[in-house]
Each structure stands twice: as structure tokens, then as C-alpha cells.
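Here's the structure we're looking at; comments come further down.
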Amino acid sequence: MDARIAVLASGAGSNLQALLDDAAVGSSIVLAVSDNPGAFALERARARGVRAVVLEPSHYGTRWDHDVALEHLLEEEGVEYVLLAGYMRILGPNVVRAFEGRVLNVHPALLPAFPGAHSVRDALEWGVGLTGATVHLVDEHVDHGPIVLQEAVAVLDDDDERSLHARIQEVEHRLFPLAARLLVEGRLRVDGRHVRVLAERPVSAAAGLPSDGASG
Ligand code: GRF
């Protein structure tokens with residue numbers, strides 16, 4: 001896969017790790033960005049030789065200044081795709097517009113249920129029997145863009161926030177790299193809120209052969 005991907009992360013970075021470990025996606029990650037200098041995600045990126053940059057919000061006069069600095073950094077690195085892997089800031093409208101259709105976010109709930117920063121706790125408090133993980137395209141609203149992949153996770157009677165989040169994250173670590181791959185391979189077709197996944201190109205087309213040219 002030939003692409004330039006940036007991953008934005010604010011915390012532990014287990015999703016970044018899953019992306020780095022993916023055979024197809026990992027080698028295309030050229031940049032990790034965090035708003036949090038203490039984010040372990042930065043260490044994970046550096047351990048793989050990926051440039052890791054901190055853009056600390058307090059170093060910028062306004063939210064807009066921070067958004068512009070992020071946009072410039074992404075441009076400077078020639079980034080084509082942006083993956084939000086536990087990035088706890090709202091992506092500025094300038095970046096959303098510059099990368100329209102090329103930004104994915106992973107969220108620990110079945111959107112549109114439980115958007116926001118406390119979705120695992122909210123699901124537990126609500127008493128739902130099912131929650132899950134969602135990967136969606138990012139638009140200018142929080143946890144809102146068209147859904148690419150979703151998978152349900154059952155809530156168990158003795159779950160607390162930590163145990164439920166851990167099982168959701170196992171799903172995230174599978175779904176997010178897969179969605180990233182589909183995006184970069186150009187296999188997502190967006191029609192309003194609906195995202196269709198195109199089948200892989202047939203081998204014959206990829207090889208430039210006529211479509212009936214493949215032999216058994
Ligand atoms: C993930 O559960 C993600 O869905 C949410 O933040 C968490 C980040 O975890 N947005 P990690 O930093 O990837 O381990």
C-alpha cells in the first residue's frame with residue numbers, strides 16, 4: 001500500500017499500535033501527532049521510527065492557531081490520510097475540509113448511540129445490553145460522519161468501565177486497521193450517510209488482463 005498516513009492520538013495509543021502492526025497500513029504511517037506530551041502513543045510511534053510530534057494547545061494563542069499549525073504539519077509531511085486514534089480534541093474545520101473524505105475516527109460505542117468522551121460509562125449507566133465499536137468518516141460535527149464499520153459487544157452483568165472498554169478495544173484493534181485499508185485502497189463509496197465497501201479489484205483487472213482472461 002503506497003500512501004502517507006498520519007495518526008493523531010492523545011493517550012495510550014493501543015489503536016495506533018494496531019495500525020502500526022497491520023501489515024498493509026503500518027508501513028504507510030509517516031507521522032504521529034499528539035496534543036498531549038505525556039501520551040504513550042508517541043513512544044509507540046518513535047519505537048517504529050515514525051516521526052512523533054507534540055502540538056501542545058497551551059503553546060498556541062487560540063484554538064484556530066493550533067488548528068492551523070496542525071494543518072501545516074500535515075502538509076509539510078505530505079500526508080494524504082488522517083486517522084484519529086483516541087485524539088481527544090475536536091479536529092479543526094480547516095483540517096476537516098482539507099482532508100474531506102480522508103479522515104477516520106474510531107469510537108467506543110455503536111454510533112449514533114453514546115457520542116462524546118464518556119461513551120463506555122454512558123452505555124453502562126444507561127443499562128444497554130449491547131454496545132460496541134464504530135469507525136466512521138469525520139465531518140465537522142463530533143462523532144457524526146458516515147459509518148464505515150461497526151461491531152457489537154455484549155455488556156456483561158459484572159462489567160465495569162475498564163472491563164467493557166477492554167473488550168471494545170479488542171474490536172477496535174481489528175476494525176480500525178481494516179477500515180483504514182479500505183479507505184486507502186479507494187474501496188469506500190460514500191453516498192450521503194451510506195458507505196458502501198467495494199469488492200477487491202479482480203486479479204485480472206489489477207494485472208491489466210481482460211476480465212475473462214483468468215485461467216483456473
Ligand atoms: C479508544 O477506545 C477510542 O475508541 C477512543 O479513545 C480510546 C483510545 O485508546 N476514542 P488508545 O489510546 O488507542 O489505547
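The values are calculated or read from the model by the stated rules, or taken from the named source; none is laboratory data. For clarity, every value in this text was computed on a predicted model and none was experimentally measured. No Cβ is skipped: glycine too gets one built from the backbone with ideal geometry, and neighbour counts run over all protein chains shown.
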Residues being more than 11 Å from the ligand (Cβ to nearest atom) and either in contact with a Ser or Thr (Cβ under 6 Å, 6 or more places away or on another chain) or of a type in the set (Gly, Ala, Ser) (or both): count how many of those fall in the range 112-146. 5
Just need a number here: residues in the range 30-52 that are in contact with a helix residue (DSSP H, G or I) (Cβ under 6 Å, 6 or more places away or on another chain) and within 14 Å of residue 79 (Cα to Cα). 2
Show the residue pairs that are 6+ apart or on different chains and have beta-carbon atoms under 7 Å apart, the first residue being within the range 164-179 and within 8 Å of the ligand (Cβ to nearest atom), the second being of a type in the set (Gly, Ala, Ser). 168/132; 168/133; 169/14; 172/133
Residues that are at pLDDT 95 or above: list the helices (runs of 4 or more DSSP H) wholly contained in the range 109-216 that include at least 2 such residues. 119-126, 161-184
Verdict on residue 3 being more than 22 Å from residue 78 (Cα to Cα), among the hydrophobic types (A, V, I, L, M, F, W, C) and in contact (Cβ under 8 Å) with a residue 24 or more places away in the chain: no
Pairs, first buried (at least 21 other Cβ atoms within 10 Å of the Cβ) in the range 113-140, second of a type in the set (Asp, Glu), C-beta under 6 Å, six or more apart: 114/122; 120/161; 132/151; 133/151; 133/172
Those residues of the range 1-50 which are surrounded by fewer than 18 Cβ atoms within 10 Å (Cβ to Cβ), of a type in the set (Asp, Glu) and within 15 Å of the ligand (Cβ to nearest atom) amount to 21, 43
